[in-house]
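The values are calculated or read from the model by the stated rules, or taken from the named source; none is laboratory data. Quick caveat: nothing in here was measured; it's all calculated off a predicted structure. Quick reminder, even Gly has a Cβ in these numbers, built from the backbone with ideal geometry, and neighbours come from all protein chains shown.
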Amino acid sequence: MRPKIVIDRPVPAEVLAYLSQHFDCTMWDRSGPMSDDLLYDALQEAQGLVTSSRRIDEALLARAPKLKAVSTISVGYNHFDISAMKARGIIGTNTPNVLNETVADLAFALILAAARRVAELDRYVKDGRWRREDNESLFGVDVHHATLGIIGMGRIGEAIARRARLGFRMDVVYYNRGRKPEAERELDIAYKPMDELLRTSDFVLLMTPLTPETTKLIGREQFRLMKRSAIFINVSRGQTVDEAALIEALREGTIRGAGLDVYENEPVSPDNPLLAMPNVVTLPHIGSATAKTRFDMAMLAARNLVAALSGQVPPDLVSELKEL
Ligand code: 8YV
């Protein structure tokens, strides 16, 4: 009998067809999330789960007695409770690399939009408020030749740095848990201690995975170190920032503006003060969201699950679960 798996969100037909060659698949194909109760029912007999952001903790694992592997369609796996998964011997996989360039593009969209006030001025034109030819009140700040500070120099960080150096002739400094000598040489970027990066950057960009060490990494103290002209960009996870401190920093003019793809709570609440600030560009967590990249991520997640359930080491086994 073929193993049963659950896919708790719609995936492209080609990906489902591939999975169906190997497994008996139950896929949630409606819009909106699959409820916990329906998922728990489906998980009774399942050996595998494909998801993208569902919390994989003891509460879920206790309802999934036959589960062996969870494959997430995301590079981030902060929704994996690693110790709960380890305790039950559950394998976890993610989808690194296929999204690097796509997320780097989006990071630059936020940098440019925040610096040149693209979203705010789009509204200005469409509202019919453009009356004079030129107007100082519409001026922005330069991106080219400015200093970009990247916190988190992984593969996406490198793709952002490459765009900044080659395309915009920016100075790029970075902070990371460990230094990256190869990236420093290849991209001509410089490592800086965090405080120095915060003090000297025109754009501070957060691209770090969410871990206990990076939770609220940027708070009131860090915003105070930044230039008053600094623009803060977050394409990592909302919880890496103290959102109340960010709101305060923007309100009080401690920094100039922000470009955000992620929030403490998602979907962001319509009454979140960030949404009413003209100097903040807000996107709905779409870093990797192009049709091609989302397809590639879903297919990679499928391949990871096929490997995991056929007794091979999946290509993208998450490192903390490697010694299982
Ligand atoms: C995912 C992401 O699409 O890969 C990640 O870590 O943040 C996104 O690309 C998102 O997790 C889907 O919920």
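Worth pointing out:
- Qualifying positions in the stretch 287-299 - of a type in the set (A, V, I, L, M) and either within 11 Å of the ligand (Cβ to nearest atom) or at positive phi (or both): A289, M297, A298
- Some residue of the stretch 91-99 being in the same structural domain as A258 (by TED's automatic domain parsing), in contact (Cβ under 8 Å) with a residue 12 or more places away in the chain and touching a Pro at 6+ places or on another chain (Cβ under 7 Å): no
- Taken over the stretch 301-317, the residue count meeting the criterion of being away from the ligand (no atom under 11 Å from the Cβ) and outside any loop (DSSP other than H, G, I, E, B) is 9.
- Residue count for the stretch 80-100, restricted to those that are over 15 Å from A64 (Cβ atoms) and touching a Lys or Arg at 6+ places or on another chain (Cβ under 8 Å): 3
- Taken together, the residues in the stretch 10-54 that are of a type in the set (D, E, K, R), without any contact (Cβ under 8 Å) to a residue 60 or more places away in the chain and closer than 19 Å to S74 by Cα amount to 2.
- Given (1) within 16 Å of the ligand (Cβ to nearest atom); (2) out of contact with any strand residue (DSSP E or B) (no Cβ under 9 Å at 6 or more places or on another chain), index of the condition E320 fails: (2)
- T293 fulfils the conditions (1) over 17 Å from Y18 (Cα atoms); (2) part of a loop (DSSP other than H, G, I, E, B) except for a single criterion, (2).
- Candidates I233, I247, filtered to the one that is away from the ligand (no atom under 16 Å from the Cβ) and of a type outside the set (G, A, S): I247
- Filter result for V268 (assigned to a loop (DSSP other than H, G, I, E, B), β-branched (V, I, T), within 16 Å of the ligand (Cβ to nearest atom) and farther than 21 Å from Q222 by Cα): yes
- Sole residue being more than 30 Å from A298 (Cβ to Cβ) and touching a Gly at 6+ places or on another chain (Cβ under 8 Å), chosen from A114, A107, A146: A114
- In the set L283, L274, only one residue is in contact with a helix residue (DSSP H, G or I) (Cβ under 8 Å, 6 or more places away or on another chain) and more than 16 Å from the ligand (Cβ to nearest atom); that residue is L274.
- Scanning the stretch 279-290 for residues that are assigned to a loop (DSSP other than H, G, I, E, B) and in contact with a strand residue (DSSP E or B) (Cβ under 9 Å, 6 or more places away or on another chain) gives N279, L283.
- Conditions (1) in the same structural domain as G259 (by TED's automatic domain parsing); (2) surrounded by fewer than 18 Cβ atoms within 10 Å (Cβ to Cβ); (3) basic (K, R); number of the one not met by R63: (1)
- Enumerated helices (runs of 4 or more DSSP H) restricted to the stretch 1-114, each holding at least 1 residues that are within 16 Å of the ligand (Cβ to nearest atom): 13-22, 36-43, 82-87
- Checked against (1) under 19 Å from G238 (Cα atoms); (2) assigned to a strand (DSSP E or B); (3) not small (G, A, S), I156 meets all criteria but (2).
- Comparison of T51, T26 shows that the only residue that is hydroxyl-bearing (S, T, Y) and crowded, with 21+ Cβ neighbours inside 10 Å is T51.
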